[in-house]
1. For Cα pairs less than 8 Å apart in space and 6+ apart in sequence, what is the mean separation divided by the residue count of the chain, i.e. the relative contact order in percent?
2. Bin by bin, in steps of 5 Å, what percent of the Cα pairs in region 258-375 do you find, going until the bin that has the longest distance?
3. Over 14 Å, how big is the tail of the calculated P(r) for region 586-652, in percent of all Cα pairs?
4. Order these peptides, 607-619, 321-333, 407-419, by their mean beta-carbon neighbour count within 10 angstrom, highest first.
5. Which value, to two decimals, describes the C-alpha radius of gyration of region 6-51 once divided by 2.2 N^0.38 Å?
6. Where the centre of each part is set by its Cα atoms, how far does region 385-401 sit from region 339-376, in angstrom?
7. Run the numbers on region 186-234 and let me know its relative contact order in percent, using alpha-carbon pairs under 8 Å that are six or more apart.
8. Put +1 on the Cβ of every Lys and Arg and -1 on every Asp and Glu Cβ in the chain; which of Tyr629, Leu665, Leu555 then has its Cα farthest towards the positive end of the dipole?
Amino acid sequence: MTTYDADRLLGLLPAVYRIRDAEQGGPLRALLEVIADQNAVLEESLEQLYDDLFVETAAPWALPYLGDLLGVENVPGDPLDARAEVANTLAWRRGKGTAHVLERIARDVSGVPARAVEFFELIAATQHVNHPRPRNRAWVDVRDALRLEALGGPFERLEGAPDLAHTADVRRFGRRGRYNLHQVGIFLWRMGAYQLTRSPAVKSLPGQTLGERRRLEHRCFHFHPLGIDTPLVRLPATEEEPEQLAGPANVPGRISRRAMHARPGEFYGADASLRVEVLMDDGPRLVPLDRVDVCDLTDWRLPRRGRVAVDPALGRLAFGRRPDGPPLVSFYYGAAAEVGGGEYARPAPSGDVGALVRVTGGGALAGALAAAGEDGVVEIGDSGRYDAPATLGAYGRRVTLRAVDGARPTLWIPDRMTVRGGPDGAVTLDGLLLAGGAVVVEAAGAGADGLGRLRLRHCTLVPGHAMDAAGVPERPDLPSLVVESGGTEVTVEHCILGPVRVHAGARVQMRSSIVDAGSEGAVAYDAVEADAWGAPLTLRECTVMGRVRAESLPLVSNSLLLARIGEPGPAGWDGPVMSRRTQEGCVRFSYVPPGSRTPRRFQCVPARDADDVRVRPSPMSTRYADAAYIVLPPDTPSAIRRGADDESEMGVHHDLHLPRREAHLRQRLGEYLRFGLEAGVSWIL
């Protein structure tokens, strides 16, 4: 708060000047307002200089200078956050060389959950009377199935459990060697745990005969709002003591059937990793823990009457009898980044907001959109399931349909959701999961201009419209977004889309998004008409799975274009990525498949078509809803993994800066390891 605002400065002047200023329309007051504004800027700068003396409040540029006072070298700048590193340096030095300090360094530097493992503790050795190791056994108890689930992972050595010992491995860590006297492993969790609260469970229709399906219709459900199998993830808890090593409860790991069966109260409950509720007349009612059985529901075997079966490995739910109301599920799922919407915090969009209409409990969206009026916002307040409006009109107004922070609703489109509007109209969709059909921006006539602007933020337009239980798209050849109007400006930010079809007269800009056509040979981006070219396309930090054909590529930066042309190629396609006007635009720091026709390239991969076999990226999974969806494996060639303009990875996960964080972590670990030890880094997803 400024000390001297315009009113206070004016009050310091004699009354005669204030009277004369009011008579002349306030020119003196206007001057004092300018002076007060600059005074506020100066005061804020002085306050920040004081804040810069403390690591908790210092500006990012000041952190390297604070680190220099402690002798910390190579403190990274933006976009990596060195605040925790500088703040904890003295504590690290006090415990230098210990496992818990190495783990804290890994967590603070990488920004993700970490676990340090001293592999020399896991080497099977003959017991010595002067150095007994009762937990370290040479043989493994094959009857302890729950303990064997940790074999080969970061929790082979766990408090209160016998070690899973190994024979010595002569290979170095970089060559997949682990178990040796000089090896220390750092495990990093790339997967985050994201919550979905009170989402309606989706019915499943298992069974081969009609009678069997009718019997199971109202008793078998999926946790995922699209009705697909997905593993449930545990909510990580904070370690109770600074010296405590991370355990299974402190990382976002998948919940196994055996672990939940052995300790159900650790995973199930009102504030736990998952819960099942039944919506009654007086509100949701929690299914008590003593009625929950942990089962393998691969074959949908129903539990006893009055019991509820949960399969955390598949995300399935079964009732012994038909529930008294619609079941609601709250759970955590795994994802590699905040893309496609979720209950995470989203930055508030800029722009003035008119009337705000809140909708909850599956209410009608069409009526709320009509009540919002000009520049209105319809905000969905829960993660429920809603029927998408058949038509969304924006003639002479701006319309926003969004989820409140902390919610990710599912909008079901029976066939298509038509968006209409004039050149001065704008539509924003924010934080939504849209399934069942396509979003179509309709033109007033053939080739005529329609909606002025369409903005998609943190949304998922499900590839293939819908999916079966295995996660296979039902209609992979159909587009998720169709823009028929010629003057529409389309902006896509942090979204997941299926194939896109856009009129050549429109303009499309995408950032930190995924376009998934289902395979590299399918068409990801093209025009609405078969014989035309798609609208000019700008890509920044995007991953496109499928072929691309556009009028021009004004800018493609830090992106992955995963496409190929089969033999023989389709008619009208000379290459996997094609730009009609190659004299316009630039493609920089991106992967472009061989045979593509693009504008001039700068620092793109491969430099020669013959190098494609060596550097071609391959995602760990192309199945939507997998935690590894469109994620590059750790052994991806460095030309891709550190090929962006800031030495981060190309593609949608560029802004995580994980390769840079890993490189800095390796450097910092070398300063805190005991003599003769070597640290290796492994990513878990």
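1. It rounds to 9 percent for the chain.
2. 2, 9, 15, 16, 15, 12, 11, 8, 6, 4, 2, 0
3. Working: 1290 of 2211 pairs.
Beyond 14 Å sits 58 percent of the P(r) for region 586-652.
4. Details: 607-619: 13.3, 321-333: 18.8, 407-419: 20.6.
In descending order of packing, they fall as 407-419, 321-333, 607-619.
5. In units of the 2.2 N^0.38 Å rule of thumb, it is 1.44.
6. The two parts, judged by their Cα centres, are 10 Å apart.
7. Normalised by residue count, the contact order of region 186-234 is 35 percent.
8. So the residue we want is Tyr629.
Computed from the coordinates by the stated procedures, all read-outs in this text should not be read as laboratory data. All values derive from a computational prediction rather than experimental measurement. Here Cβ is always computed from backbone atoms with ideal geometry, including for glycine, and neighbour counts include all displayed protein chains.
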